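Asks: Take a look at the following structure, please.
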Amino acid sequence: MAFKVACVGIAPQKGEIASNLDRIAEAVRQGVAEDVDLVLFPETVVSGYFLEGGVLEAALTAEKLGQQLISRLPGLEKPVDVALGFYERDQGNLYNSAAYFELGDGGARLIKVYRKFFLPTYGVFDEERFVSRGRDVAVFDTRLGRFALMICEDVWHSVLPAVCAVAGAQVLLVPAASPARGFSGETLDNLDRYERLFRGISEEHGIYSVNAQLCGFEGGKGFPGGSMIVGPSGEVMAQGAVMEEHMVIADLDLDLVEIARAASPLISDLQTMWSDFQRIVGSTP
């Protein structure tokens, strides 16, 4: 199975849901014009990231988000899948979530909602004051292949990508909103760390890593963009511009996942030993 993916880095207007959805829809149309099959947007792209007490006002149900998105995309030339980050409202709880939709003539089919597992509460971050933690991983089947969703800091904890790979994910989708930090070198420290993380994850597990980074400024804090797509052998296939909006496109061939895993069968070893890891974790105080 081969398909084309686009990672879109845009600068949302803080709290302006309608105008942000207009821009998201515009980018989806651009992707469709480029014959893209999947468009990935950043974490909290629907509202902006640093909302704090404004999360409640900006939060949507996943179903409402799908309705508002498809209403802006009448007459799509071809079906297209979209994954994007938003603040979710569900049964009285608020989450930092990502939703995966299939869009087409039949409307917006919600395939999966993932709720951020690790909520940072250090430095400029204070997420756990305003949203609840997710409790499950998201590995799911789509018309394009078997995918996993994670959000930003989730990928910094190696256990979650490993769990997703063991569960059969071929592509790891990671919306992120990572404020720029570390300006002493040729590249920003956080983007350099993301590249090292994704290259390591992809090479170890034979999986595509597809990342969309937020752009722009909120309250003096800058999001640098720099979205990237990394192949299953650890090679950087495409990377977006830094400090400006962008769309980066790459062709993903899932046959290369099988080839990478055969050449370096680390994921096979991990799957074989998984029951022992479960036993060890279950017996650890």
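Asks: Tell me which lysines have Cα within less than 26 Å of Lys112's Cα, excluding those fewer than 8 residues away on the same chain?
Replies: Answer for Lys112, where 26 Å is the Cα cut-off: Lys4, Lys14, Lys64, Lys78, listed by chain and number.
Asks: Give me the distance between the Cα centres of region 20-81 and region 223-262, rounded to whole Å.
Replies: If we compute the Cα centre of each part, the gap is 21 Å.
Asks: Through the Karplus equation 6.51 cos²θ - 1.76 cosθ + 1.60, θ set to phi - 60°, convert the phi angles of region 219-233 into ³J(HN,Hα) values in whole Hz; use x for Gly and Pro.
Replies: Computed from phi, the couplings for region 219-233 are x, x, 9, x, 9, x, x, x, 3, 8, 10, 10, x, x, 9 Hz.
Asks: R0 = 30 Å: FRET efficiency of Val124 with Ala18, Cβ-based, nearest 0.05? Working shown, then result.
Replies: Details: r = 27 Å, r/R0 = 0.90.
The value I calculate is 0.65.
Asks: Moving on. Quote the charge dipole size of region 1-118 about the Cα centre in Debye, to the nearest 20; the model charges only the Cβ of Lys and Arg (+1) and of Asp and Glu (-1). Please list the in-between numbers first.
Replies: Values: 12 positive and 16 negative charges, 35 e Å.
That gives a dipole near 160 debye.
Asks: Separate question: Quick check: net charge around Asp22, other residues with Cβ under 13 Å of its Cβ, Lys/Arg +1 and Asp/Glu -1? Intermediate values should be presented prior to the final figure.
Replies: Numbers: positive: Arg23, Arg29, Arg72; negative: Glu16, Glu26.
After counting each charged neighbour, the total is +1.
Asks: Go ahead and estimate [θ] at 222 nm for the chain from helices alone: -39,500 (n - 2.57) per DSSP H run with n ≥ 4, summed, over the residue count, rounded to 500.
Replies: Numbers: 8 runs with 82 residues, N = 285.
So the calculated ellipticity at 222 nm is -8500 deg cm²/dmol.
Asks: Loop by DSSP (not H, G, I, E, B), at most 16 other beta-carbon atoms within 10 Å: where is the longest site-free stretch of the chain for trypsin sites (Lys or Arg not before Pro)?
Replies: 182-285
Asks: Report the Stokes-Einstein translational diffusion coefficient (µm² s⁻¹, integer) for the chain, Rh taken as the Kirkwood radius over Cα pairs, at 10 °C with viscosity 1.306 mPa s.
Replies: Details: Rh = 18.9 Å.
It comes out at roughly 84 µm²/s.
Asks: If you roll a 1.4 Å probe over the heavy atoms of the protein chains, what accessible area per residue do you get for region 231-285, in Å²? Please list the in-between numbers first.
Replies: Working: 3520 Å² over 55 residues.
The answer is 64 Å² per residue.
Asks: Please work out the Kirkwood hydrodynamic radius for region 1-86, using every pair of different C-alpha atoms, and report it in angstroms with one decimal place. It would help to have the intermediate numbers written out before the result.
Replies: Values: mean 1/r = 0.0752 Å⁻¹.
Across region 1-86, the inverse of the average 1/r is 13.3 Å.
Asks: Pairs of Cα atoms under 8 Å, at least six residues apart: use those to get the relative contact order of the chain, whole percent.
Replies: Working: 652 pairs, mean separation 55.1, N = 285.
Once normalised by length, the contact order is 19 percent.
Asks: Restricting attention to region 215-271, which GluC sites (Glu not before Pro) occupy a DSSP loop and are surrounded by at most 16 other Cβ atoms within 10 Å?
Replies: For GluC sites (Glu not before Pro) across region 215-271 that sit outside H, G, I, E and B with at most 16 neighbouring Cβ atoms in 10 Å, the list reads Glu235, Glu244, Glu245.
Asks: Using the crude model of +1 on Lys and Arg Cβ and -1 on Asp and Glu Cβ, and no other charge, please compute the dipole size for the chain relative to its Cα centre, in debye to 20.
Replies: Details: 24 positive and 39 negative charges, 121 e Å.
Dipole of the chain, to the nearest 20 debye: 580 debye.
The values are calculated or read from the model by the stated rules, or taken from the named source; none is laboratory data. Only a predicted model underlies this, so the values are computations on that prediction, with no experimental measurement involved. Glycine also receives a Cβ, built like all others from the backbone with ideal geometry; neighbour counts cover every protein chain displayed. Note: accessible area is taken over every heavy atom of the protein model, side chains too, but ligands, DNA and RNA are not part of it. Shrake-Rupley method; radii C 1.70, N 1.55, O 1.52, S 1.80 Å.
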